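*Asks:* Handing you a structure now.
The values are calculated or read from the model by the stated rules, or taken from the named source; none is laboratory data. The structure displayed is predicted, hence computed values, not measured ones. Please note: Cβ atoms are built from the backbone with ideal geometry, for glycine as well, and neighbour counts cover all protein chains shown. To get the accessible areas, we keep the full protein, side chains included, count just its heavy atoms, and leave off ligands, DNA and RNA. Shrake-Rupley method; radii C 1.70, N 1.55, O 1.52, S 1.80 Å.
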Amino acid sequence: LGNGGSTLHALRCLEEQYGDQWTSFTVLLIHSGGYSQRLPNASALGKIFTAVPLGEPVYQMLELKLAMYIDFPQHMKPGVLVTCSDDIELYSTGATEAITFDKPGFTALAHPSDLAVGTTHGVFVLDPSSFSGKGGLEYGSCYRFLHKPDVETMQQSGAVCVRGHHPQLSSPGSHGDSGTASECVYTDSVFYIDHGTAQQLLEFYKQMGTLSCEIDAYGDFLQALGPGATPDYTKNTSNVSKEGSGLVAVRQQLYSLLQGTALNVIVLNNSQFYHIGTTQEYLFHFTAESKLRFELDLQPVAFSISPDTAKTLDQSSIIQSILEAGCVIGPGSVIEYSRIGPDVSVGKGSIVSGSYINFSVDIPPNCFLSSVSVKITDAVEYVTMVFGVGDDLKKSVKLLSDIHSLQFFGASLPECLDLWSIEASDQLFSSEDTRLGLWTARIFPVCSTLSESVRVSLNMLNSVQHKSAFKLSGFQLLSVEEMLTYKDVEDMLKFRKQIYDEICLQRQKEKSDY
């Protein structure tokens, strides 16, 4: 359905459950994370439940969202506030200024960002007559919304402003590609739909019957708004992950439904928008000297047991985990919901999630390791996915003869398959629609215990690193896609709860020792 389709579906559920009552509701609607292919340790349980290295016990993104938006409802007319699960908006306004959502149509928050950030987000072309560019908080209207535009498009459509100045059209072609330091665009984050407009969208959804394509709540709703909107975007499917049947037609219907609806913008000049939806961003914000880490006071060790003899550094991030004396965690690594034994060293820039490692091993740098509990028949079993943190899980090819372009930890996929004695065939991939990629490759062994599954998956990685054979032919193998189909959430939460209980016990013991 995409996050737009799921938004419509959620509105329908609200109406079914509450009838006319929902006309008076103020609703917070959070897209909890889709497949999360760029941050796969969040795939099984959802990005909104990503742990943040803060608090005792640790906060999840959900708590941060509730804290960030806590002041909104008292200045909000009935309607729906829509937000993603992997972004953080920090802002300051004057003591007497409140953010108010009370206008008909859509109202979006806008943040000054570098032009490079604009290319991967939504960008507002502000109506210059409605903004002064001064003050921390300003209300105005948006002429047009651009979805992931390139720099040239931003400059030609008048989206580029000079920081702290009146939004002005910068003449196209007068700058280099990247724009100068003081130049910015206003990018999107949270948006509000008033109840009347939400009702219109719901009626549209009921009329549509079943959706057979993905709708994007940002691209497909917001690009239809504002006086400068044109229907050109409805035919551009370059950004779509799965082009469902009838996508262009559905977009055109949405465009005619929403055309002429206002897009109000609340410009937060003293604000910062952070995104932690990719392994790179996640590692950077949690372990490096990032502004976010400083502003939220993120901790190197959060709600964990980490003896002094376990070597961790300020530049790593340990979240609800138990480290045994003697283990070594390299700089720039994140360990979450894991137990790490005494003879384990984790290389720099790695992510270890939901794992139990009770054997001697050196995990290489830039390694991504995440364990999932699965139930294929009746018994709970375990699979651990392992990749390089930079591997592209979204990339896919259509033909078997092209799989050499897929990279696994610096080697081509066919090279890896040879080392593992796996034959490359169409059966190797789990997807029906011939999308051959790391996401659908059946390469991860199913094991009866968690630590065994980590051991075997690390052996696979080791074989690729040292170009030495490691036969996988005896194992049942799953793709990441299948792991999510068979995931056993209860068992994963049980493992987290055991770690939680043990940490609580240790905390009590420490208290009584004083």
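*Asks:* Which numbered condition in (1) open to solvent by less than 20 Å² (accessible area, probe 1.4 Å); (2) under 22 Å from F101 (Cβ atoms); (3) within 28 Å of the chain's Cα centre (by Cα) is the only one that R144 fails?
*Replies:* For R144, the failing item is (1).
*Asks:* State whether one or more residues within the stretch 408-421 are in a loop (DSSP other than H, G, I, E, B), buried (at least 17 other Cβ atoms within 10 Å of the Cβ), touching a Gly at 6+ places or on another chain (Cβ under 8 Å) and aromatic (F, W, Y).
*Replies:* Checking the stretch 408-421: at least one residue is in a loop (DSSP other than H, G, I, E, B), buried (at least 17 other Cβ atoms within 10 Å of the Cβ), touching a Gly at 6+ places or on another chain (Cβ under 8 Å) and aromatic (F, W, Y).
*Asks:* Next question, about the same structure. Within the stretch 106-115, can one find any residue that is in the same structural domain as H31 (by the TED database), under 28 Å from the mean Cα position of the chain (by Cα), open to solvent by 30 Å² or more (accessible area, probe 1.4 Å) and of a type in the set (A, V, I, L, M, F, W, C)?
*Replies:* Checked the stretch 106-115: no residue is in the same structural domain as H31 (by the TED database), under 28 Å from the mean Cα position of the chain (by Cα), open to solvent by 30 Å² or more (accessible area, probe 1.4 Å) and of a type in the set (A, V, I, L, M, F, W, C).
*Asks:* Any residue at all in the stretch 277-287 that's aliphatic (A, V, I, L, M), assigned to a loop (DSSP other than H, G, I, E, B), more than 22 Å from F191 (Cβ to Cβ) and not assigned by the TED database to the domain that holds V125?
*Replies:* No: zero hits.
*Asks:* While we're on this one: Pairs please, first residue from the stretch 373-396 and under 14 Å from F409 (Cβ atoms) and aliphatic (A, V, I, L, M), second anywhere and modelled with pLDDT of 95 or more and open to solvent by 50 Å² or more (accessible area, probe 1.4 Å), Cβ atoms under 6 Å, 6+ apart in sequence or on different chains.
*Replies:* V389/N366
*Asks:* Scan the strands (runs of 3 or more DSSP E) fully inside the stretch 344-398 and keep the ones with 3 or more residues being open to solvent by less than 40 Å² (accessible area, probe 1.4 Å) and in contact with a Cys (Cβ under 8 Å, 6 or more places away or on another chain).
*Replies:* In the stretch 344-398, 344-346, 380-388 are the strands (runs of 3 or more DSSP E) which contain 3 or more residues that are open to solvent by less than 40 Å² (accessible area, probe 1.4 Å) and in contact with a Cys (Cβ under 8 Å, 6 or more places away or on another chain).
*Asks:* For the stretch 80-95, how many residues meet the condition of being touching a residue at least 12 places away in the same chain (Cβ under 8 Å), open to solvent by 10 Å² or more (accessible area, probe 1.4 Å) and among the hydrophobic types (A, V, I, L, M, F, W, C)?
*Replies:* 2
*Asks:* In the stretch 378-392, how many residues are closer than 22 Å to P365 by Cα and touching a helix residue (DSSP H, G or I) at 6+ places or on another chain (Cβ under 6 Å)?
*Replies:* Result for the stretch 378-392: 5.
*Asks:* So which of K311, K348, K291 is basic (K, R), out of contact with any strand residue (DSSP E or B) (no Cβ under 6 Å at 6 or more places or on another chain) and farther than 30 Å from S92 by Cβ?
*Replies:* Among K311, K348, K291, only K348 is basic (K, R), out of contact with any strand residue (DSSP E or B) (no Cβ under 6 Å at 6 or more places or on another chain) and farther than 30 Å from S92 by Cβ.
*Asks:* Here are some residues: L225, L258, L268, L254. Which one is buried (at least 19 other Cβ atoms within 10 Å of the Cβ), farther than 30 Å from L436 by Cβ and more than 27 Å from the chain's Cα centre (by Cα)?
*Replies:* The conditions single out L258.
*Asks:* Right, here's the next one. Quick one: which strands (runs of 3 or more DSSP E) lie wholly within the stretch 79-155 and hold at least 3 residues that are under 30 Å from T237 (Cβ atoms) and of a type in the set (A, V, I, L, M, F, W, C)?
*Replies:* 79-83, 106-113, 122-126, 137-147
*Asks:* Here is a list of conditions, (1) open to solvent by 10 Å² or more (accessible area, probe 1.4 Å); (2) touching a residue at least 60 places away in the same chain (Cβ under 8 Å); (3) of a type in the set (G, A, S); (4) not assigned by the TED database to the domain that holds L90, and S321 meets all of them except one; can you say which number that is?
*Replies:* (1)
*Asks:* Next up: Scan the stretch 331-343 for residues that are open to solvent by 10 Å² or more (accessible area, probe 1.4 Å) and more than 18 Å from L493 (Cα to Cα) and report the count.
*Replies:* Total satisfying the criteria: 4.
*Asks:* Can you find a residue in the stretch 59-79 that is touching a His at 6+ places or on another chain (Cβ under 6 Å) and either in contact (Cβ under 8 Å) with a residue 60 or more places away in the chain or among the β-branched types (V, I, T) (or both)?
*Replies:* yes
Per-residue answers, yes or no, for (1) among the aliphatic types (A, V, I, L, M); (2) in contact with a Phe, Trp or Tyr (Cβ under 9 Å, 6 or more places away or on another chain); (3) outside the structural domain of P57 (by the TED database):
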residue	(1), (2), (3)
D418	no, no, yes
L428	yes, no, yes
T434	no, no, yes
L438	yes, yes, yes
S453	no, yes, yes
S473	no, yes, yes
L477	yes, yes, yes
V480	yes, yes, yes
T485	no, no, yes
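*Asks:* Tell me which of these L292 doesn't satisfy, since it passes every other one: (1) open to solvent by 10 Å² or more (accessible area, probe 1.4 Å); (2) touching a helix residue (DSSP H, G or I) at 6+ places or on another chain (Cβ under 9 Å); (3) touching a residue at least 12 places away in the same chain (Cβ under 8 Å); (4) not small (G, A, S).
*Replies:* (1)
*Asks:* Would you confirm whether or not the stretch 266-274 contains a residue that is touching a residue at least 24 places away in the same chain (Cβ under 8 Å), within 20 Å of I48 (Cα to Cα), assigned to a helix (DSSP H, G or I) and touching a His at 6+ places or on another chain (Cβ under 6 Å)?
*Replies:* So far as the stretch 266-274 goes, no, none of its residues is touching a residue at least 24 places away in the same chain (Cβ under 8 Å), within 20 Å of I48 (Cα to Cα), assigned to a helix (DSSP H, G or I) and touching a His at 6+ places or on another chain (Cβ under 6 Å).
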